[in-house]
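K.L.:
My questions will all concern the structure given below.
Each value in this text was obtained by applying a stated rule to the coordinates, not by laboratory testing. Computed from a predicted model, the values in this text were never measured in an experiment. Note that we place each Cβ from the backbone using ideal geometry, even for glycine, and neighbour counts take in every protein chain shown.
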Amino acid sequence: MAACSSIPDFALQVVKKADRITVLSGAGMSAESGLPTFRDAQTGLWERFDAAALATPEAWNRDPEFVWSWYMWRHHLVRATAPHAGHLAVAQWEHSADVTIVTQNVDDLHERAGSSHVHHLHGSLFHFRCAQCSFAYSDEVDDSEPHESPRRPPRCQRCGGLIRPGVVWFGEMLPSEPWEAGVQAVDSCDVLVVVGTSGLVYPAAGLPQIAHEKGIPTIEINPDETPLSRECTVSLRMSAATALPILARSR
Ligand code: OAD
């Protein structure tokens, strides 16, 4: 692994020649759109909020209004942001390559930038389902300010159960469809770009190992070193909105 503060020619060439590009993204991908990551010092969500009280089935069972209100706040935050130059660069690759995004993010910034194949390993802030019967909920949700007062989750039209966010909580299984698509996309690509993830949460953090074992070139984009850095062919110590447009211009 080489750590670089500018993009080496090798990385530009690998991206230029690739017919199939897979991007594994994490919260750092959305940071320059103004969304907080989870673990960055001071600003990370899990630095400011207790994950056990907000992102577990136990938390939901204990206090669904509290959990729902927090997700409505995040829903509101995401709707108020826009994709940045890095999201747009990745979407542009589709003009000349097969591009698959495998994301841990629950926002919709890749889709809004124009990417068509996005697999959400940890679910989506924009999908909802009944906590009791799993029936999909497609009505509008109220994410309007102020966020201080607790919001009541809507009720299921089918069984009357409470509607929950369609995200994966700690202790829950990943949905099988995006996971299998993600493994396939990593296994069959010509280059893997790993951007904005701390590489601490499994099974998503295990995906670069698949590329590593197959000898697939892997480019990490992250201002900081991560446990994944050693599995990557090159680690660009740059931000997503800086590095991705430069890589995209190589095509
Ligand atoms: P983390 O918050 O753990 O890591 C974010 C990473 O992005 C860090 O390594 C930062 O150094 C990096 N970063 C920050 N700004 C960046 C920028 N502008 N450009 C590039 N990289 C930047 O977020 P994730 O790895 O996505 O799961 O976290 C994984 C999972 O943990 C999340 O999906 C979430 C969380 O608990 C669930 O909620 C199930």
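K.L.:
So what is the 222 nm mean residue ellipticity for the chain from helices alone, if each DSSP H run of at least 4 adds -39500 (n - 2.57) and you divide by all residues, rounding to the nearest 500 deg cm²/dmol? Provide the component values of the computation, followed by the final result.
P.N.:
Details: 11 runs with 86 residues, N = 251.
That calculation yields -9000 deg cm²/dmol at 222 nm.
K.L.:
Spelling out what I want: for every residue of region 121-137, take phi, set θ = phi - 60°, compute 6.51 cos²θ - 1.76 cosθ + 1.60 (Karplus), and round to whole Hz; glycine and proline get x.
P.N.:
Per-residue couplings from phi come out as 5, 10, x, 9, 5, 10, 10, 9, 8, 6, 6, 9, 10, 6, 4, 5, 10 Hz.
K.L.:
Compute the distance in nm between two label points, each set 7 Å from the Cα along the Cα-to-Cβ direction, one at Gln42 and one at Asp190.
P.N.:
Modelled inter-label distance: 4.3 nm.
K.L.:
Go ahead and collect, in residue order, the members of region 23-65 whose backbone nitrogen is under 15 Å from a label point 7 Å along the Cα-Cβ direction of Asp142.
P.N.:
65
K.L.:
Let me ask something else about it. Express the relative contact order of region 34-84 as a whole percentage, based on alpha carbon pairs under 8 Å and six or more residues apart in sequence.
P.N.:
Rounded, it is 26 percent for region 34-84.
K.L.:
Taking the Cβ-Cβ separation of Gln209 and Ser149 as r and a Förster radius of 45 Å, what is the calculated FRET efficiency to the nearest 0.05?
P.N.:
Working from the Cβ atoms, E equals 0.50.
K.L.:
Quick one: which residues, 5 or more positions from Val193 or on another chain, have an amide H under 5 Å from its amide H? H modelled 1.01 Å from N in the peptide plane, none for Pro or chain starts.
P.N.:
So Val193 has HN proximity to Thr22, Val23, Leu24, Ile219.
K.L.:
Tyr137's amide H: which non-local residues (gap 5+, or another chain) put their own amide H closer than 5 Å, with H modeled 1.01 Å from N in plane and none for Pro or chain starts?
P.N.:
Sorted by chain and number, the residues that satisfy this are Phe128, Arg129, Cys130.
K.L.:
Just to confirm the filter: which chymotrypsin sites (Phe, Trp or Tyr not before Pro) across region 18-62 are DSSP coil and have at most 15 other Cβ within 10 angstrom of their Cβ?
P.N.:
Phe49
K.L.:
Continuing with the same structure: Run through region 143-251 and list the GluC sites (Glu not before Pro) located in a DSSP loop whose Cβ has at most 11 other Cβ atoms within 10 Å.
P.N.:
Passing both the DSSP loop test and the Cβ count: Glu148.
K.L.:
Provide the percentage of antiparallel DSSP beta bridges, counting only those with both residues in region 1-154; round to the nearest 5.
P.N.:
20 percent
K.L.:
Note down the magnitude of the dipole of region 122-168 about its Cα centre, charges +1 on Lys and Arg C-beta and -1 on Asp and Glu C-beta and zero elsewhere, to the nearest 20 debye. Intermediate values should be presented prior to the final figure.
P.N.:
Working: 6 positive and 6 negative charges, 76 e Å.
About 360 debye.
K.L.:
I need Val118, Val90 ordered by Cβ neighbour count within 10 Å, fewest first.
P.N.:
Val118, Val90
K.L.:
Moving on to the next point. Just need the Rg to Rh number for region 118-251, please, alpha carbons only, Kirkwood Rh.
P.N.:
1.08
K.L.:
How far is helix 176-187 tilted, in degrees, relative to the longest principal axis of the Cα atoms in the chain, given as a value from 0 to 90 rounded to the nearest 10?
P.N.:
Between helix and principal axis, roughly 10 degrees.
K.L.:
Could you give the distance between the Cα centres of region 1-55 and region 208-251, to the whole Å?
P.N.:
Computed from Cα coordinates, the inter-centre distance equals 9 Å.
K.L.:
Please list, in order along region 33-49, the HN-Hα scalar couplings obtained from phi with the Karplus expression 6.51 cos²θ - 1.76 cosθ + 1.60 (θ = phi - 60°), rounded to whole Hz, x for Gly and Pro.
P.N.:
Along region 33-49, the couplings run 8, x, 9, x, 7, 9, 10, 5, 4, 6, 8, x, 4, 7, 7, 9, 10 Hz.
K.L.:
Would you mind ranking Asp50, Asp108 so that the residue whose beta carbon has the fewest other beta carbons within 10 Å leads the list? Kindly include the intermediate steps, with their values, before the conclusion.
P.N.:
On the way: Asp50 10, Asp108 19.
Result, fewest neighbours first: Asp50, Asp108.
K.L.:
For Ala3, enumerate residues with amide H under 5 Å from its amide H, sequence gap 5+ or separate chain, H modeled in the peptide plane.
P.N.:
Ser235
K.L.:
Let me ask something else about it. Counting other C-beta atoms within 10 Å, which of Cys4, Cys130 has the fewest, and how do the rest follow?
P.N.:
Result, fewest neighbours first: Cys4, Cys130.
K.L.:
Enumerate the calculated ³J(HN,Hα) couplings along region 231-240 in order (Karplus 6.51 cos²θ - 1.76 cosθ + 1.60, θ = phi - 60°), each rounded to whole Hz, writing x wherever the residue is Gly or Pro.
P.N.:
Once θ is set to phi - 60°, the couplings for region 231-240 become 8, 8, 5, 9, 10, 8, 7, 9, 8, 4 Hz.
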